[in-house]
Every structure is written in structure tokens, then in C-alpha cells.
Amino acid sequence: MQSLTQPSTHIISTGSAVPDHHIDNYQLKAIIDTSNNWISTRTGISKRHVISSEESVIHLAANASEQAIQNSMIDRHSIDLILLATSTPNDLFGSASQLQALVKAKRAAAFDITAACSGFVIGLAIADQFIRSGTYNTVLVVGADVLSQWVDWSDRTTCILFGDGAGAAVVQSSTRNKQSGILGFELNTRGLECNQLSIKYIPNENYPLGNSRHFNKMGDRNGHYTTLQMNGREVYKFAVSEVPQSILRCLSKASISPKHIDWLILHQANQRILEAVASKLEISYEKVISNIKFYGNTSAASIPIALNEAFANGYICNGDIIVIAGFGAGLTWGSMVIRWDILC
Ligand code: ACO
């Protein structure tokens, strides 16, 4: 139960960006043993956008953020915190500081969240905690990934799925209406199944950790990352069984019945997953936001891109109950219930 003095957390604007360049299923057919029919019917994907060698995850994140900041009409110097959910950073020490510099939000603290496709939901949950505690007033939450840089383009079981993109939301504290904004969330992790989906670091066996690693000759490599490895069937089964239960628990904590959901915005991993989750929740498919056909799986970016497009295209109205749910590597998954009340 929320206290009368505690602020609530409201999304006040959104933005999104994808690279100009895209690859459609027919172009993939030219490089791997696949077909447009297989990809469309098994995944719902027709094309995916990929960055050029001049672009990076930070360019996409900055474009999406700039859009969200301009739509919010806030002074960028009022942003207290920037949370960048990405698993494909420019810099392993974190890329959020580069984003902070690019959007010129000088006053904001900034850090990365590495949680694959659950990253944006986790980012919003962290922002909600900072806002409810009174620590911060305005937070920029960004989900951005460029998995095109990490897939093996000769592996037909993974490369067909992923695309690059970024989505952003400015969230702010409000005491205006405590019955709206973020109404609740729930987050989960099943670490024992981390191998189902991973991009692992493999140390060079000639230079074991803590040994000659620090003294290697110039030109020797300490190790390398693998390309994205996924057990698609297991991840599919996990998503279809766990995500509906997580949503139901989250709704129950917020005392909202599934029949009152206006929009379901799931991580865009596979069209069949979206349909199966909606069916388990007994939600009409008309309430499911899907743009996977145009972007593929953009990991942490998929929910905020879908949210931004649904709002910009006039689907979402004030008062609507929106459920978002992310799931993926970790394994991690999480849901959030939001009553939309953006100031227009
Ligand atoms: N084109 C043609 N045939 C293919 C392709 C392809 N691109 N890929 C696989 N196949 C073949 C397989 O080799 C297999 O052939 P076989 O029966 O002769 O062995 C057959 O198609 C069926 O393969 P499955 O893996 O069983 O196909 P499935 O229907 O499970 O679809 C998919 C695979 C699309 C990967 C699905 O399992 C899926 O979407 N899983 C979930 C992925 C996901 O949700 N990831 C989310 C998180 S992402 C993140 O966190 C970063």
C-alpha cells in the first residue's frame, strides 16, 4: 500500500531510434540456408535494422533519448539519473557516461544495466525506486542494443532473429495522481539456466587468470567473447510458461484483473510467443502491441520502441492499463503494470 506522502513514478515522454540500414528475409536467404517463409511463419519477422560501421549503440541511444527529452519539454539539466540498459556496450566499463555526454545532461549520474531483454523493465523498476524514495525527481531510462555485432551471421538459428535499436522514456516523480503511473512490478532470475542464452568470455588457456595474464607479450590476446549462443527451444518454453505467471502475480499485487489490461507490450522476441502469452492470459490479440515484423528482436530496446510507437500512433490513451514484460538471457524476466497518464 502506497503512503500518502510518497510520490509515484510517471512516464512523461518516450522516444526511439533504429538504424537506416535494414536487411530483409530475402537478403538473408542469399547468405544462409533459410527462406522468407520459414522466418515469417516461425518468428513473425520480415526485416531487421542493423548499424553501419560508423554507428554504435550510443548513437542509437542518444537519438532515442534526444527524442524523449524533446517530447518531455523538460530542461535536460533537470535530469538526475540516466539508466542505460544494454548488453552490447561500447565500453565494458559502461557506456551510460558516453550517453550522458552526448545528451548534455551534465547534472545526471549515469550507469549501465546489463540484463539483456529484461533490461528496460529492470531500468524502469530501478527508476521507480529512486523516485519513490525521494532520491531523484527525473530519470531517463534507455534500452539500447546492437546484437547484429554479436551474432554469427552464418548461424541461421540465431542471426535471423536480432536487430539493432534503442528506445527511451523520461520518468518523473508526481504527487498529482497516486493511482496512476507505475503501479507495480516484479522481477525474476533463474541463474542456473544462464547457459541457455549467452555471450561468454573465454580466457586464453595459455594465459590463465591470475597467472602470466598480466605479463603477456604485446600482440597476445587474453581471451575473447563468443558470438551469441542460444538454445531457442528452451528459451521459447521458458518465456511461454514464466511470463504469463509473472504478469498475473504483478497484476494481483496491484489488484488489477487481466481483463482490465488495455495494452500488452511484451519483449518482441517471437510473434508466436506474443500470441501464446496473450492466449494464456485470455487477452484478445487486439490488445497486443507487436512491431516484431519490422525490427526483429532488438533486446533491451524492443519494449521502449513498441511503447513509443504505440503512443505516437495514438493507440495508448490516458487512463489505459499497460502491462510490459521483458524476458531473456540470465535467465531473467520481469513485468510491470502502468496506468498511463502522460500530460498532453
Ligand atoms: N531457416 C530454416 N530452418 C531453420 C532455421 C532457419 N533460419 N533455423 C532453424 N531451422 C531449422 C532447424 O535446423 C530445425 O531443423 P530440424 O528439424 O531438421 O532439426 C527446424 O528448423 C526447427 O528448429 P527449431 O529450433 O525447433 O525451431 P523453432 O520453431 O523452435 O524456432 C526459434 C526457433 C525461432 C529460435 C524459437 O525457438 C524462438 O523464438 N525461441 C525463443 C528465442 C527468444 O525468445 N529469445 C529471447 C531472448 S533474446 C535475449 O535475451 C538477448
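The values are calculated or read from the model by the stated rules, or taken from the named source; none is laboratory data. These numbers come from a predicted model, not from an experiment. Virtual Cβ from ideal backbone geometry, glycine too; neighbours counted across all protein chains shown. Ligands, DNA and RNA are excluded from the accessible area calculation, which covers all protein heavy atoms including side chains. Shrake-Rupley method; radii C 1.70, N 1.55, O 1.52, S 1.80 Å.
Brief remarks follow.
- Lone unmet requirement of (1) within 16 Å of the ligand (Cβ to nearest atom); (2) in contact with a helix residue (DSSP H, G or I) (Cβ under 9 Å, 6 or more places away or on another chain); (3) of a type outside the set (A, V, I, L, M, F, W, C) for Asp33: (2)
- Where a residue in region 78-94 is without any contact (Cβ under 8 Å) to a residue 12 or more places away in the chain and its partner, wherever it lies, is open to solvent by 10 Å² or more (accessible area, probe 1.4 Å), with Cβ under 8 Å and at least six apart: Asp91/Gln98
- Identity of the residue in region 174-184, within 18 Å of Ile324 (Cβ to Cβ) and touching an Asp or Glu at 6+ places or on another chain (Cβ under 7 Å), that ends up farthest from the ligand (Cβ to nearest atom): Ser180
- Among the residues of region 304-344, the ones that are polar (S, T, N, Q) and within 16 Å of the ligand (Cβ to nearest atom) come to 2 in all.
- Test: residue in region 3-22 that is within 16 Å of the ligand (Cβ to nearest atom) and either farther than 25 Å from Met336 by Cα or not assigned by the TED database to the domain that holds His267 (or both): no
- Selection count where residues are open to solvent by less than 10 Å² (accessible area, probe 1.4 Å) and small (Gly, Ala, Ser), scope region 329-344: 2
- Residue count for region 301-328, restricted to those that are in a helix (DSSP H, G or I), of a type in the set (A, V, I, L, M, F, W, C) and either open to solvent by 10 Å² or more (accessible area, probe 1.4 Å) or in contact with a Leu (Cβ under 9 Å, 6 or more places away or on another chain) (or both): 5.
- The listed residues are Gly184, Gly134, Gly123, Gly191, and the only one of them that is under 16 Å from Ser299 (Cβ atoms) and either open to solvent by less than 70 Å² (accessible area, probe 1.4 Å) or among the small types (Gly, Ala, Ser) (or both) turns out to be Gly123.
- For the condition open to solvent by 20 Å² or more (accessible area, probe 1.4 Å), of a type outside the set (Val, Ile, Thr), more than 18 Å from Ser302 (Cα to Cα) and not assigned by the TED database to the domain that holds Phe311, Ser52 qualifies.
- Each residue in region 127-151 was checked for being assigned to a strand (DSSP E or B) and among the acidic types (Asp, Glu), and 1 pass.
- When residues in region 286-300 are screened for being surrounded by 24 or more Cβ atoms within 10 Å (Cβ to Cβ) and part of a helix (DSSP H, G or I), 4 of them pass.
- Taking every residue in region 291-306 that is of a type in the set (Lys, Arg) and pairing it with any residue that is within 15 Å of the ligand (Cβ to nearest atom), at least 6 positions away or on another chain, the pairs with Cβ-Cβ distances below 8 Å are Lys293/Gly44; Lys293/Ile45; Lys293/Ser46; Lys293/Lys47; Lys293/Gln271.
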